[in-house]
1. Can you give the accessible area per residue of the chain, in Å², using a 1.4 Å probe?
2. Going by amide H atoms built from the backbone, whose H comes under 5 Å of the H on VAL40, apart from near neighbours?
3. To the nearest 10 square angstrom, how much accessible area does ASP25 have with a 1.4 angstrom probe?
4. In the chain, what percent of the accessible surface is made up of carbon and sulfur (1.4 Å probe, ligands and nucleic acids excluded)?
5. So how much slack lies between GLN86 and LYS50, counting 0.36 nm per residue of separation and subtracting their Cα-Cα distance, in nm?
6. For region 64-72, take each phi angle, set θ = phi - 60°, evaluate the Karplus expression 6.51 cos²θ - 1.76 cosθ + 1.60, and give the result in whole Hz per residue in order, putting x for glycine and proline.
7. Note the direction-averaged projected area, equal to a quarter of the hull surface, for the Cα convex hull of region 1-82, in nm².
8. Which far-off residues, 5 or more places away or on another chain, put their amide H under 5 Å from the one on LEU94, with H placed in the peptide plane?
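The values are calculated or read from the model by the stated rules, or taken from the named source; none is laboratory data. Because the structure is a prediction, the values reported are computed rather than measured. Neighbour counts run over all protein chains shown; Cβ positions are idealised from the backbone, glycine included. Only protein heavy atoms, including side chains, enter the accessible area calculation; ligands, DNA and RNA are left aside. Shrake-Rupley method; radii C 1.70, N 1.55, O 1.52, S 1.80 Å.
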Amino acid sequence: SFIGEESVAAGEGSILTDNPTWIIDPVDGTTNFVHRFPFVAVSIGFVVNKKVEFGIVYSCIEDKMYTARKGKGAFCNGQKLQVSGQEDITKSLLVTELGSNRDPETIKIILSNMERLLSIPVHG
């Protein structure tokens, strides 16, 4: 099976089944791309039985290839990545995105979630 982000964003429905499925976003960061903001990628995932097996993200502008495989770790241009050991959320950096949905109820939920996160406090 195949799920494309651009077709889903255009309103086409999609259902994730147990079948092996490719999930592809050929222009991940469309708004960034339109505004010439240099964070754009091609994102590809492969799912079996509704579980991610591996993913690939190619950051076009940076020429960086991120790969990850279930049980095998994550890499950037072949170099192993590792999460930080930071356990104190007040010393973490918060990055968020509003998304493209401007439905008033959705915006209300997103802003409410952001308010709760920013009251922790975190860096952002």
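1. Each residue of the chain exposes 77 Å² on average to a 1.4 Å probe.
2. For VAL40, whose amide H was placed from the backbone, the distant partners under 5 Å are CYS60, ILE61.
3. 20 Å²
4. Summing carbon and sulfur atoms, their accessible area is 59 percent of the total for the chain.
5. The GLN86-LYS50 span can extend by a further 9.9 nm.
6. 10, 10, 9, 9, 8, 9, 3, x, 10
7. Value for region 1-82: 6.0 nm².
8. HIS123, GLY124
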